[in-house]
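Enquirer: The structure under discussion is supplied below as structure tokens; questions concerning it will follow.
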Amino acid sequence: MAVSTRLAEQAFDPADELKRFLEGRDRDGAVVSFTGVMRGKDRDGRALERLHLDWYPGMTEASLARAAEETAARFQISDVMVVHRCGDIAPGEPIVFAAAAAPHRREAFEACDYLMDKLKTEAAFWKREDTANGSQWIEPSDKDRADAARWSD
Amino acid sequence: MAVSTRLAEQAFDPADELKRFLEGRDRDGAVVSFTGVMRGKDRDGRALERLHLDWYPGMTEASLARAAEETAARFQISDVMVVHRCGDIAPGEPIVFAAAAAPHRREAFEACDYLMDKLKTEAAFWKREDTANGSQWIEPSDKDRADAARWSD
Amino acid sequence: MDRVLFFGRTADRLGRSREVEIPPAGLSVGALRKRLGEADAAAREALERPDVRASVDRVIADDAAMVAPGQEVAFFSIFSGG
Amino acid sequence: MDRVLFFGRTADRLGRSREVEIPPAGLSVGALRKRLGEADAAAREALERPDVRASVDRVIADDAAMVAPGQEVAFFSIFSGG
């Protein structure tokens, strides 16, 4: 079992991450990945110039590792990984790439889904959307909280 | 909405497929992908030399397109794609790559999950596992049928 | 002559295809299955398995479906899925 | 002198960090919060918001938790998640 998490201050390529995650993998039949991409518009349709993900060096990395380890402990999976951006992110840039590998696809789907719900509510980031008319700090959405509540801990 | 399906007689790279699928994507926040990899052992732990996926030219492509179109019609997604191998597949080689993009991650997860359940039961393939001791044709597993039955049509 | 196609386990016994003459008035899928089975016991056994399906012009068809000359018929074991 | 860190919305008002003297006997998180708020009204308002959390050595801590000299304290608005 390999649990790998990385906080990326620079842009990264989800395709490269998937390539590495798949390398030499002939024991697991199923790999599910999630890629979160920075959108060009906010919830109200206004153009976004930038997303700033503020982070606390050390604490943020630990929160990524905790989410991945809880996922590994909960599901019958072989490996799990997360790469998460921080800092200034431009529209179209990947924010997060998460992947889970398992012998069976159901476990891979559920593990990746769970991991994303954890990250969306528990990862130690502070999100600020910057538009031409100013900046706004964002809190977890009701949808994120409801998604996370689906998993009875 | 783009629905793209491809039957591949030669090995393909899931990372390249993900890269293309992500290109220019700044309207959708969420992309979920599934990669199915040829395992080195069968259900009973015997070493597999090869998987042969027999296919019916024309009919098999149509079955992939139908699964993807049903997925597109059912979920709030922006794009969906499938690449599926046929012919002789070696252990470690990708068999299938499926991906769905959506504004929200829940829809992307559900669409990709549904699409895989459809493909696992309805795609027009005949699967034969070749070992050192002979070959065996494989039928859909009870698990595949149970997974597909989760979606009440 | 028309060419009937075989896939999956069915092709192990019958090969990739066989030629058969479909009369101008047509033939049912069931009659075609029977005629192909007359070639030899292995063919008959393979085609009469309950899980063997047929298609006409790449659409699944039952034994009552009619086949006209020039249509593409195939027999195959049940799909395994992808 | 010890350095207290700020993140998220809280850092908009207080900057990235401020220096504060933590006495050898230690100080509670709540007392530290109050002392930092004495600097100016904006700092007080930012630190007294009900959703502002604190951590000691990178572990979430409530106002009763004690801080010793040399420990790393941070105040921040609620996590937005990834």
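Enquirer: Using alpha carbons only, how many angstrom separate the centre of the stretch D:1-43 from the centre of the stretch B:109-153?
Expert: Between the Cα centre of the stretch D:1-43 and that of the stretch B:109-153, the gap is 59 Å.
Enquirer: Defining the label point at 7 Å along Cα→Cβ, can you sort the distances from C:M66 to the same site in each other copy, shortest first, in nm?
Expert: Ordered by distance, the counterparts are at 9.6 nm.
Enquirer: If you don't mind, another one. Could you give me D for chain A, from Stokes-Einstein at 10 °C and 1.306 mPa s, where the hydrodynamic radius is the Kirkwood radius over C-alpha pairs? Units µm² s⁻¹, please.
Expert: In µm²/s, the coefficient rounds to 99.
Enquirer: How big is the C-alpha Rg of the protein assembly as shown next to the rule-of-thumb value 2.2 N^0.38 Å, as a ratio?
Expert: Ratio of Rg to 2.2 N^0.38 Å for the protein assembly as shown: 1.26.
Enquirer: How high is the relative contact order of chain B, given as a whole-number percent (alpha carbon pairs under 8 Å, six or more residues apart)?
Expert: Reported relative contact order: 33 percent.
Enquirer: 7 Å along Cα→Cβ for the label point: how many nanometres lie between A:S135 and each equivalent label in the other copies, listed shortest first?
Expert: 6.4
Enquirer: For B:T5, list long-range residues whose amide hydrogen, built 1.01 Å from N in the peptide plane, is under 5 Å from its own amide hydrogen.
Expert: Those lying under 5 Å, H to H, from B:T5 are B:V82.
Enquirer: Related question: For a distance above 15 Å, tell me the whole-number percent of Cα pairs in the stretch A:110-153 that qualify.
Expert: Tail of P(r) above 15 Å: 49 percent of Cα pairs.
Enquirer: Could you give me D for the stretch D:6-82, from Stokes-Einstein at 20 °C and 1.002 mPa s, where the hydrodynamic radius is the Kirkwood radius over C-alpha pairs? Units µm² s⁻¹, please.
Expert: So the translational diffusion coefficient is about 172 µm²/s.
Enquirer: Quick one: in chain D, whose Cβ comes closest to the D/C rotation axis, and how close in angstrom?
Expert: Result for the D and C rotation: D:G82, 16.
Enquirer: If the only charges are +1 at each Lys and Arg Cβ and -1 at each Asp and Glu Cβ, what is the size of the charge dipole of the stretch B:15-132 around the Cα centre, to the nearest 20 debye?
Expert: Roughly 200 debye for the stretch B:15-132.
Enquirer: Starting from a Cα-only point model with no solvent, please compute log10 I(q)/I(0) by Debye for the stretch A:28-106 at q = 0.19, 0.23 1/Å.
Expert: Each listed q corresponds, in turn, to -0.88, -1.03.
Enquirer: If the label for D:D12 sits 7 angstrom from Cα along the Cα-to-Cβ line, what are its distances to the same label in every other copy, in nm to one decimal, shortest first?
Expert: Copy-to-copy label distances at D:D12, shortest first: 6.9 nm.
Since every read-out is calculated from the coordinates, none of them should be taken as a lab result. Predicted, not measured: the structure shown is a model, and the values here were computed from it. As a convention, Cβ positions derive from the backbone with ideal geometry for all residues, glycine included, and neighbour counts pool all protein chains shown.
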